[in-house]
Each structure stands twice: as C-alpha cells, then as structure tokens.
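Chemist: Quick one: this structure, given as structure tokens, is what I'll be asking you about.
The values are calculated or read from the model by the stated rules, or taken from the named source; none is laboratory data. Model, not experiment: these values are computed from the prediction. Every residue, glycine among them, receives a Cβ derived from its backbone with ideal geometry; neighbour counts consider all protein chains shown.
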Amino acid sequence: MVHKPYDVTEAEQTVLEALWSKGTATIRQLTDELYPDGTASNFSSVQKLLERLEGKGFVARARNGSA
C-alpha cells in the first residue's frame, strides 16, 4: 500500500512539536507557548494552523464548548 505524503509547512511543524511536548493543549496554551508576547493575530494564526493540521489528519480537536 502506497501512502501519499502530506506536505507540512515549517509553521505547522512548529505547532506539531509544541503539541508533542504538551500532549493536549488549548489554542490559547499553544499560542502562549509559541508567542509569549502574542497578539490576537497570533491566536488566529495558531487556530488556522490547527485547522489545516486537522484537515490533513495530524490532529484532532475536541469542540466541547469549554476553553
């Protein structure tokens, strides 16, 4: 069986590495780790990267309504 490789950007790789070190994390926790002096724009960037990674099957998100 041949697996099609997924392209992972450097930014996506950075998010994956942060998740691997933490296990599970909220978007806010990841943003705080990756951008200690982060802004709302940084939060949005991490959120979008997670959406892309989810689409590629690398992460799963729990949407339970709580932060």
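Chemist: Hey, can you tell me all the residues within the range 27-52 that are in contact with a helix residue (DSSP H, G or I) (Cβ under 6 Å, 6 or more places away or on another chain) and assigned to a loop (DSSP other than H, G, I, E, B)?
Modeler: Listed by number, the residues that qualify are Tyr35, Gly38.
Chemist: Cβ contacts < 7 Å: first residue under 14 Å from Ser45 (Cα atoms) and outside any helix (DSSP H, G or I), restricted to the range 2-26; second residue among the hydrophobic types (A, V, I, L, M, F, W, C) and modelled with pLDDT under 95, any location; separation 6+ or different chain. Result?
Modeler: Thr26/Ala67
For (1) of a type in the set (S, T, N, Q); (2) out of contact with any Ser or Thr (no Cβ under 8 Å at 6 or more places or on another chain); (3) farther than 21 Å from Val8 by Cα; (4) exposed (fewer than 15 other Cβ atoms within 10 Å of the Cβ), each residue gets a yes or a no:
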position	(1), (2), (3), (4)
Gln29	yes, yes, yes, no
Glu33	no, yes, no, no
Ala40	no, yes, yes, yes
Val46	no, no, no, no
Leu53	no, yes, no, no
Gly57	no, yes, no, yes
Arg61	no, yes, no, yes
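Chemist: Taking the range 53-62, which residues are under 9 Å from the mean Cα position of the chain (by Cα) and not in a loop (DSSP other than H, G, I, E, B)?
Modeler: The answer is Leu53, Glu54.
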